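Enquirer: Could you have a look at this structure, given as C-alpha cells, before my questions?
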Amino acid sequence: MIVLKRLQSWVVLLTIALASLAIACTSQPTATSAPPATATTAAVAPPATAAPTAMAPEPTAMAPEPTAMAPEPTAMPDTMMPDVPAEALAIYETAPANLLTLVLNEDNDSGQTGWANLTAKGDQTEVILLLSPGDLETESAHIHSGRCGDALGGVAHPLTSFVDGAGFSITTLEVEMASLLNGDFAINTHKKGEGSVYTNCGNIPADAESVTIALGAQNDSGQSGLATLTARGTTTEIVAFLSPGALESQLMHIHSGQCGADTLGGVVHPLTSFIGGFGPSVTTVNAPLNSVRTGDFAINIHQAGKPSVYTACGNIGRNTATITLDLSEDNSSGQSGFALLTPRGDNTEVWLSLSKGSMISSAVHIHSGQCGDSLGDVVHGLTNFSGETSATLLEGVSLSSLLTGGFAVNSHNVRSPLVYTSCGNIPGIDVTMIASTDGEFSFNIGELVVPAGRQITLDFSNLGERPHTVYFHSFADQNSKNGRADWLNTGESQAQQFVFDRPGLYSFYCPVGSHENSGMIGTLRVVGPSTGGDPTIALEAPTTSRELRGPTVPYGVSVTNFDVSDDDPSSGRIKISLDDTDFGSVDSVIGALTNLAQGVYSLTAELVNSDDSSLNPPVQSTITFTLNDETATPTGNPALGVSPIAGRSTVVIE
C-alpha cells in the first residue's frame with residue numbers, strides 16, 4: 001500500500017521528469033563535450049626535434065601520491081524533488097544573500113530526499129525543510145552536533161516535526177545563523193514511530209565551504225531565485241531554486257565569463273535541468289568549488305524550447321581567500337595554465353589547470369625554491385594530472401606556510417619526468433594589514449602605496465573583538481561578493497590578492513556594519529602613468545546607507561587624473577565644504593568632520609589648484625547625509641577634526 005500510494009502521488013512528476021531528462025540528454029551539452037573550466041586556447045607546438053636542455057636532478061624523496069580525481073566534471077540529478085509550497089518559493093523570489101541551501105540525503109533506504117534552507121534573520125535563524133515521500137515516513141527533525149554518519153552527535157536544536165511523513169517543515173530558532181556555520185552541525189530526520197531510525201541527513205557547511213548567489217531575471221522572464229554552491233570534498237554540490245514567471249526555464253549551466261550579452265562565455269559545466277519550468281535543481285559537479293570561484297564564471301538559465309533566450313543569470317563571486325598563480329610553459333611544452341591555492345582550516349586545497357600542448361603532463365609537485373635554476377626538491381606531492389586538471393587537499397599544510405616566497409608549483413612530462421612542462425612561483429606576502437591595533441575601529445596602515453597593475457598579496461589579520469575585513473572603494477571587482485562569509489572573526493587571518501589597475505587616490509575601509517563611519521578607513525594610492533582622462537573626484541564616505549554616529553564623522557574621497565600630494569607644493573588640493581561653511585583645502589583624501597549634532601548635512605569635496613582656485617570647469621562631488629545620533633554632543637561649531645589615519649604608518653610596495 002505504501003508503494004502504491006507513493007507511485008500514485010509521484011506518477012505525474014515522474015512523467016515530467018523523464019521527459020525533461022530526455023530533452024536534457026539530447027540538447028544539453030554533456031560533461032565531456034563542455035570545454036574545461038580552466039583550459040586556455042593555444043596553438044599546439046610542433047614536436048620537439050631536439051632534446052630539452054639538461055634539467056635539475058630528479059628529487060629522490062617524493063611525497064605519497066594523493067588519490068586521483070575523477071577525470072571530468074559531470075552533472076547528474078541527485079534527488080527526487082518534492083513539490084515546493086508557495087510559502088517556500090516566496091523566499092527565492094527576493095534571493096536573500098543570507099540564505100543557505102543544502103541537500104538532505106537518503107538514509108536507511110528511506111526513499112526520501114529533499115533539502116533545507118537556512119535564512120539569517122538578525123539574532124534568529126529560519127529553517128525550512130522540504131522532504132519527498134518515500135518508503136519510510138519521517139516525523140521528527142533536529143539539528144545535531146557533528147556530521148552525518150558515525151560522527152553524528154546529540155541534538156543541538158529541535159525542529160518542527162513533519163505532519164504527514166514528508167512535505168514541509170518550518171522553524172524559527174533563537175540562535176544566530178553564524179553560530180551554525182562552523183562545520184560541526186548537521187540536519188537529521190527520524191522515522192515516524194521509530195526515532196532511532198534516521199531517514200535523511202545533510203551536513204551544514206562552514207562559511208568558507210559554501211556560497212549563495214542571486215539569480216536575476218533576464219529578458220523579462222519574471223523568474224529569479226538563487227543557487228547555493230557547497231564544497232563536498234573535491235566535488236561541488238549546487239542547489240538552485242527558480243520562481244515561476246512569464247517564461248518557463250529548462251536548461252542550466254555554469255558558463256565562463258560574467259552575466260551579460262557581451263561578457264557571458266561558453267558552457268563549462270552542465271547542471272540539472274528544471275522540471276516544469278521552475279522550482280528546484282540539484283547537481284553534483286566533479287570539480288572543486290574554488291575552480292569556479294575565480295570571478296570568471298556565472299550560472300545561466302535558458303528558456304524551455306528556446307535555449308538561445310536566457311531567463312536568469314547570476315555571477316559566481318571570487319573567493320578572496322584563494323591565491324592564484326600562473327603556470328608558465330617550460331621546455332616548449334605548449335602547456336600553460338594556473339593554480340588556485342585555498343585555505344581549508346589547517347589544510348590547503350590545490351586546484352591546477354593546464355592547456356593542451358605538444359607534451360602531456362602527469363606528475364606535479366610543490367617544490368622548494370623558485371622556478372628556474374633555483375628550483376629545489378619536492379616538498380609536497382600533488383595529484384597527477386587527469387586530462388587537464390588536478391585537485392589535491394594537502395592535509396596539515398596551512399596556506400600561510402606556503403606564502404613565504406620560497407615555493408613553486410612544477411609539473412613533469414608524462415614520458416620523461418626529468419623534463420619540466422610548466423612552473424609557477426607561489427607568491428610571498430607583500431604587506432600585512434591588521435585590524436583593531438589602535439582601538440576596535442582602526443587599521444595599522446593609514447596609507448597603502450602600490451604600483452598600478454601589479455598583483456599584490458595582502459595578509460589581513462583581525463585582532464579586534466568584532467568581525468572585520470577590508471574592501472576598496474572604486475574597485476568593486478576586487479572586493480568579496482560573499483558578504484559575511486569572508487568576514488574574519490577575532491584572531492583569524494587571511495591572505496588575499498589584489499590588482500589595482502587605475503592610478504589615483506582611493507580609500508580602503510571595513511564594510512561590516514557602520515565600521516567605516518566609525519573611522520575604519522585608509523588611503524590607497526595607486527601609482528602609475530595617467531590614463532589621460534579628465535580629473536575626477538567622488539565622495540565615498542560617509543556611507544549614507546549605514547548608521548552614522550557623531551559628533552565626529554570620517555569622510556573619504558577617490559581622485560583620478562589629478563595629483564594630490566602633501567610633499568609637493570605645486571600639486572593640487574581638495575577643498576572641503578559642509579553646507580555653507582568652507583573649511584579650506586587639504587592634501588589628503590581621508591579626513592574627519594567634528595562637532596556635528598543630529599541633523600541633515602550636505603558635504604562637498606572639490607579639486608582645486610595649489611592656490612585654491614577652482615579647475616575649469618569645476619570638478620566636485622556632493623553627498624547629503626543624515627546624522628540620527630541623539631547622543632552626539634558637539635563642543636563647538638562644525639569643523640575639520642583629526643583625520644582617522646593620523647599617526648598610522650604608510651606602506652609602500654615597489
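Enquirer: Which of the peptides 606-613, 639-646 is most tightly packed, and how do the rest follow, going by the mean number of other Cβ atoms within 10 Å of each residue?
Expert: In descending order of packing, they fall as 639-646, 606-613.
Enquirer: Hey, got the dipole for region 311-383? About the Cα centre, +1 on K and R Cβ, -1 on D and E Cβ, debye to the nearest 20?
Expert: 320
Enquirer: By its C-alpha gyration tensor, with a ≥ b ≥ c as the square roots of the eigenvalues, how is region 232-292 shaped: rounded for a/c under 1.5, else prolate for a/b larger than b/c, else oblate?
Expert: Taking the square roots of the gyration eigenvalues as a ≥ b ≥ c, region 232-292 is oblate.
Enquirer: Right, here's the next one. Which ³J(HN,Hα) values in Hz, rounded to whole numbers, follow from the phi angles of region 166-179 under the Karplus curve 6.51 cos²θ - 1.76 cosθ + 1.60, where θ = phi - 60° and Gly and Pro get x?
Expert: Running phi through 6.51 cos²θ - 1.76 cosθ + 1.60 with θ = phi - 60° gives 6, x, 10, 9, 9, 9, 10, 9, 8, 9, 6, 4, 4, 6 Hz.
Enquirer: Report the rotationally averaged projected area of region 471-581 based on its alpha-carbon convex hull, in square nanometres.
Expert: Orientation-averaged projected area of the Cα hull: 9.5 nm².
Enquirer: Using the crude model of +1 on Lys and Arg Cβ and -1 on Asp and Glu Cβ, and no other charge, please compute the dipole size for region 399-545 relative to its Cα centre, in debye to 20.
Expert: The calculation lands at about 520 debye.
Enquirer: Let me ask something else. Could you pull out every residue, at least 5 positions away or on a different chain, whose amide H is within less than 5 Å of the one on THR421? Hs are placed 1.01 Å off N in the peptide plane, and Pro or chain starts have none.
Expert: The answer is SER411, HIS412, ASN413.
Enquirer: May I pose another question? Using the scaling law 2.2 N^0.38 Å as the reference, what is the normalised Cα Rg of region 410-453?
Expert: Normalised Rg, Cα atoms only: 2.19.
Enquirer: For every other residue with a beta carbon closer than 15 angstrom to the beta carbon of SER140, add +1 if it is Lys or Arg and -1 if Asp or Glu, then tell me the sum.
Expert: -3
Enquirer: Hey, another quick one. Given a 1.4 Å probe and heavy atoms of the protein chains only, how would you sort GLU654, GLU237, GLU447, largest accessible area at the top?
Expert: GLU654, GLU447, GLU237
Enquirer: Order of 181-192, 290-301, 150-161 by packing, highest average Cβ count within 10 Å first?
Expert: By packing density, highest mean first, the sequence is 290-301, 181-192, 150-161.
Enquirer: If packing is taken as the mean number of other Cβ atoms within 10 Å per residue, what is the order of 336-344, 489-497, 576-584, highest first?
Expert: Put in order of decreasing packing, that is 336-344, 489-497, 576-584.
Enquirer: Calculate log10 I(q)/I(0) of region 425-500 for q = 0.11, 0.12, 0.25, 0.28 Å⁻¹, where I(q) comes from the Debye formula with a single equal point scatterer on each Cα and nothing for solvent.
Expert: The calculated log intensity ratios at q = 0.11, 0.12, 0.25, 0.28 Å⁻¹ are -0.28, -0.33, -1.35, -1.48.
Enquirer: Taking the Cα centre as origin and putting +1 on Lys and Arg beta-carbons and -1 on Asp and Glu beta-carbons, what dipole magnitude results for region 104-232, to the nearest 20 debye?
Expert: 120
Enquirer: Another one. If Lys and Arg each add +1 and Asp and Glu each add -1, what is the summed charge of the other residues whose beta carbon sits under 11 Å from the beta carbon of THR189?
Expert: Around THR189, the charge tally is -2.
Enquirer: Which is farthest toward the positive dipole end of region 187-305 among GLY225, THR199, VAL285, measuring Cα position about the Cα centre, with Cβ charges +1 (Lys, Arg) and -1 (Asp, Glu)?
Expert: Result: THR199.
Enquirer: Please compute one quarter of the surface area of the Cα convex hull for region 300-453 and express it in square nanometres.
Expert: For region 300-453, averaging the hull's shadow over all directions gives 14.4 nm².
The values are calculated or read from the model by the stated rules, or taken from the named source; none is laboratory data. Here the structure is a predicted model, which is why all the values come from computation and not from measurement. Ideal geometry is used to build each Cβ from the backbone, glycine not excepted, and the neighbour counts take in all protein chains shown. Surface areas here come from the heavy atoms of the whole protein model, side chains and all, with no ligands, DNA or RNA. Shrake-Rupley method; radii C 1.70, N 1.55, O 1.52, S 1.80 Å.
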